[in-house]
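Enquirer: Starting off with a structure, shown below.
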């Protein structure tokens, strides 16, 4: 491939993958099954120059490749309220990736509706929540790839063989124990997962944790929230939820039978205190919006949300981020119309915490996402309140922070 | 652990040592070349043209884009000397080399004491390649 037999772009990309492999100490490359590229957020001219170089040499990705969120909602561009020049550069970046053969998915959760990898697949994935989900919940294998290298691996069809691509490096090295919450409700399980994730990120850094004692009602969407929170507060690429995730049917399988230190023990009080620390305002504080869907809302999350729309009309705008493939299903089954009638704004292709969408940022925004709550105060300069899905919708009705 | 050249090249300049790891994304402004992380002990320090001693990177992989952009704009450090390997910093420098033929050698010393010792010199020249890394102290 380096001699250009598969085209100049493939040779160029492979050269970069090989130099990167040298830098991380990988001794060889292996075949890549799938890539997820996070190159659609504009960080300056270099972002665009890199992609345009491959467009000019007529590059094509050699494996199925999905795209992460961009700066603009291409389906509803009128929602963008930021600098027009940045908006235009962001839009070109999104289009150039599609010209290279990437699937225009523009979602941070490509594992939901679109293209779910299989256990054991070798991936070149970017986007911190997707990396954790693929490794932990699916049992596919990827390191924390990111800017440039994800696309280079997709164009070369190869990944460096190091880190989490190798079985030996996927065992838990530390433990986080939760006690007394096995019987929590499905709504509570969402908050417990976020708290567990924040603690795993904070206490374990980049070490793989085995988490024991999560509620029996913990579902895939809760594990998604756990991973996203862990990857926000720490450099987590993988966790094991004992009894719930595929490489951890029991503690022994998760650790490889080795005794590992317990870094945190959490009961009801500790969980409540972590979640209280996530908000920057007190209960009762006035709200200007509710933001859901970070990572992108799944169809099962919409199934939980839709019955709550009976509460409408809401006192503040409700925004939900999701993928365009989920959006198509919502349009097809009439849910989109129901959401619109209730005054809910569905945002696709992007996310309300990375780009200018929410119009009124003068007061606090409430979310059920640990990741949104973690980043929005810094990214958007606003106050946040955290609650379960039921809390957020009751609060949208009340126009202030209340608990369901 | 031995000294490794993660990104090859030559550089020389004034030495600047950062007291804490730096995230180029969110912590560094590519348009000015300065540290903008308000929690960093060297907030406002200018890294342009320096032989930058930083133990390791941290934070988002978008740091690679920010470093590549700084190299394009000419606001980046002349070289980066780490203790440990850092994939994000290496990527930013490799991409700038590929796109703009600008060299910013990145070296991992693998030894904190050697890193500290070198970082006390006022100026440094280095040549980093596949065969190893050569440091010299420029005259004057």
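The values are calculated or read from the model by the stated rules, or taken from the named source; none is laboratory data. Model, not experiment: these values are computed from the prediction. Positions of Cβ are backbone-derived with ideal geometry, glycine not excepted, and every protein chain shown enters the neighbour counts.
Enquirer: Kindly indicate the residue of segment B:72-87 that is farther than 22 Å from residue B:119 by Cα and at the interface with chain A (Cβ under 9 Å from one of its Cβ atoms) and also surrounded by the most Cβ atoms within 10 Å (Cβ to Cβ) among those meeting that condition. Don't jump to the end; show me each part of the working.
Expert: Step one: list which residues in segment B:72-87 are farther than 22 Å from residue B:119 by Cα, which gives B:72-74.
Next, from what is left, pick out any that are at the interface with chain A (Cβ under 9 Å from one of its Cβ atoms): B:72-73.
Values: B:72: 19, B:73: 16.
So, considering only residues that are farther than 22 Å from residue B:119 by Cα and at the interface with chain A (Cβ under 9 Å from one of its Cβ atoms), the one surrounded by the most Cβ atoms within 10 Å (Cβ to Cβ) is B:72.
This table checks each residue for (1) within 20 Å of residue B:96 (Cβ to Cβ); (2) within 23 Å of the chain's Cα centre (by Cα); (3) within 14 Å of chain B (Cβ to nearest Cβ).
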{"position": "A:4", "(1), (2), (3)": "no, no, no"}
{"position": "A:7", "(1), (2), (3)": "no, no, no"}
{"position": "A:10", "(1), (2), (3)": "no, no, no"}
{"position": "A:13", "(1), (2), (3)": "yes, no, yes"}
{"position": "A:21", "(1), (2), (3)": "yes, no, yes"}
{"position": "A:63", "(1), (2), (3)": "no, yes, no"}
{"position": "A:74", "(1), (2), (3)": "no, yes, no"}
{"position": "A:77", "(1), (2), (3)": "no, yes, no"}
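Enquirer: Now a separate question. For segment A:53-82, name all the residues that are in a loop (DSSP other than H, G, I, E, B) and modelled with pLDDT of 95 or more. Give the derivation first.
Expert: Applying the first criterion (in a loop (DSSP other than H, G, I, E, B)) to segment A:53-82 yields A:57-64, A:68-76, A:80-82.
Correct list: A:57, A:58, A:59, A:60, A:61, A:62, A:63, A:64.
Enquirer: Continuing with the same structure: Taking the conditions exactly as written (touching a residue at least 40 places away in the same chain (Cβ under 8 Å), on the phi > 0 side of the Ramachandran plot, surrounded by fewer than 21 Cβ atoms within 10 Å (Cβ to Cβ) and within 14 Å of chain B (Cβ to nearest Cβ)), does residue A:44 satisfy them or not?
Expert: Values: touching a residue at least 40 places away in the same chain (Cβ under 8 Å): no; on the phi > 0 side of the Ramachandran plot: yes; surrounded by fewer than 21 Cβ atoms within 10 Å (Cβ to Cβ): yes; within 14 Å of chain B (Cβ to nearest Cβ): yes.
So residue A:44 fails the test.
Enquirer: Next up: If a residue has to be more than 8 Å from every other protein chain (Cβ to nearest Cβ), within 30 Å of residue B:110 (Cβ to Cβ) and surrounded by fewer than 22 Cβ atoms within 10 Å (Cβ to Cβ) to count, how many in segment A:23-41 make the cut?
Expert: Quick first cut of segment A:23-41, residues more than 8 Å from every other protein chain (Cβ to nearest Cβ) only: A:26-37, A:39-40.
With within 30 Å of residue B:110 (Cβ to Cβ) added as a condition, the list becomes A:26-30, A:32.
Next cut, surrounded by fewer than 22 Cβ atoms within 10 Å (Cβ to Cβ) only: A:26-30.
Residues in segment A:23-41 being more than 8 Å from every other protein chain (Cβ to nearest Cβ), within 30 Å of residue B:110 (Cβ to Cβ) and surrounded by fewer than 22 Cβ atoms within 10 Å (Cβ to Cβ): 5 in total.
Enquirer: Counting only residues that are touching a strand residue (DSSP E or B) at 6+ places or on another chain (Cβ under 8 Å) and buried (at least 17 other Cβ atoms within 10 Å of the Cβ), how many does segment B:49-65 have?
Expert: Here is the first cut: in segment B:49-65, the ones touching a strand residue (DSSP E or B) at 6+ places or on another chain (Cβ under 8 Å) are B:49-58, B:63.
When the remaining residues are screened for being buried (at least 17 other Cβ atoms within 10 Å of the Cβ), the result is B:49-55, B:57-58, B:63.
Within segment B:49-65, residues that are touching a strand residue (DSSP E or B) at 6+ places or on another chain (Cβ under 8 Å) and buried (at least 17 other Cβ atoms within 10 Å of the Cβ) number 10.
Enquirer: Can you report the number of residues in segment A:235-246 which are crowded, with 21+ Cβ neighbours inside 10 Å and either under 14 Å from the mean Cα position of the chain (by Cα) or assigned by TED's automatic domain parsing to the domain that holds residue A:143 (or both)?
Expert: 3
Enquirer: Out of A:249, A:295, A:313, which single residue is in contact with a helix residue (DSSP H, G or I) (Cβ under 8 Å, 6 or more places away or on another chain), outside any helix (DSSP H, G or I) and not assigned by TED's automatic domain parsing to the domain that holds residue A:114?
Expert: Working: A:249 fails: in contact with a helix residue (DSSP H, G or I) (Cβ under 8 Å, 6 or more places away or on another chain); A:313 fails: in contact with a helix residue (DSSP H, G or I) (Cβ under 8 Å, 6 or more places away or on another chain).
When all the criteria are applied, what remains is A:295.
Enquirer: Related question: Cβ-Cβ under 6 Å, sequence separation 6+ or interchain: first residue in segment A:329-347 and within 23 Å of residue A:114 (Cα to Cα), partner part of a strand (DSSP E or B). Which pairs?
Expert: So the pair list comes out as A:339/A:346; A:345/A:319; A:346/A:320; A:347/A:319; A:347/A:321.
Enquirer: Limited to segment B:8-66, what total is found for residues that are outside any loop (DSSP other than H, G, I, E, B) and within 14 Å of chain A (Cβ to nearest Cβ)? Outline the logic, then answer.
Expert: Going residue by residue through segment B:8-66, those that are outside any loop (DSSP other than H, G, I, E, B) are B:9-17, B:22, B:24-29, B:34-35, B:46, B:51-53, B:57, B:63-66.
If we keep only those that are within 14 Å of chain A (Cβ to nearest Cβ) too, we end up with B:9, B:24-29, B:57, B:63-66.
Residues in segment B:8-66 being outside any loop (DSSP other than H, G, I, E, B) and within 14 Å of chain A (Cβ to nearest Cβ): 12 in total.
Enquirer: Between A:89, A:130, A:124, A:85, which is within 13 Å of chain B (Cβ to nearest Cβ), surrounded by fewer than 21 Cβ atoms within 10 Å (Cβ to Cβ) and not in a loop (DSSP other than H, G, I, E, B)?
Expert: Values: A:130 fails: surrounded by fewer than 21 Cβ atoms within 10 Å (Cβ to Cβ); A:124 fails: surrounded by fewer than 21 Cβ atoms within 10 Å (Cβ to Cβ); A:85 fails: within 13 Å of chain B (Cβ to nearest Cβ).
Criteria check complete, one pass: A:89.
Enquirer: I'd like to check something: does segment B:96-113 contain any residue that is away from chain A (no Cβ under 11 Å), crowded, with 19+ Cβ neighbours inside 10 Å, in a strand (DSSP E or B) and touching a helix residue (DSSP H, G or I) at 6+ places or on another chain (Cβ under 7 Å)?
Expert: no
Enquirer: Report yes if some residue within segment B:116-131 is over 24 Å from residue A:47 (Cα atoms) and within 11 Å of another protein chain (Cβ to nearest Cβ); otherwise report no.
Expert: In the first step, residues of segment B:116-131 are kept if they are over 24 Å from residue A:47 (Cα atoms); the result is B:116-131.
Keeping just the survivors that are within 11 Å of another protein chain (Cβ to nearest Cβ) gives B:130.
Yes.
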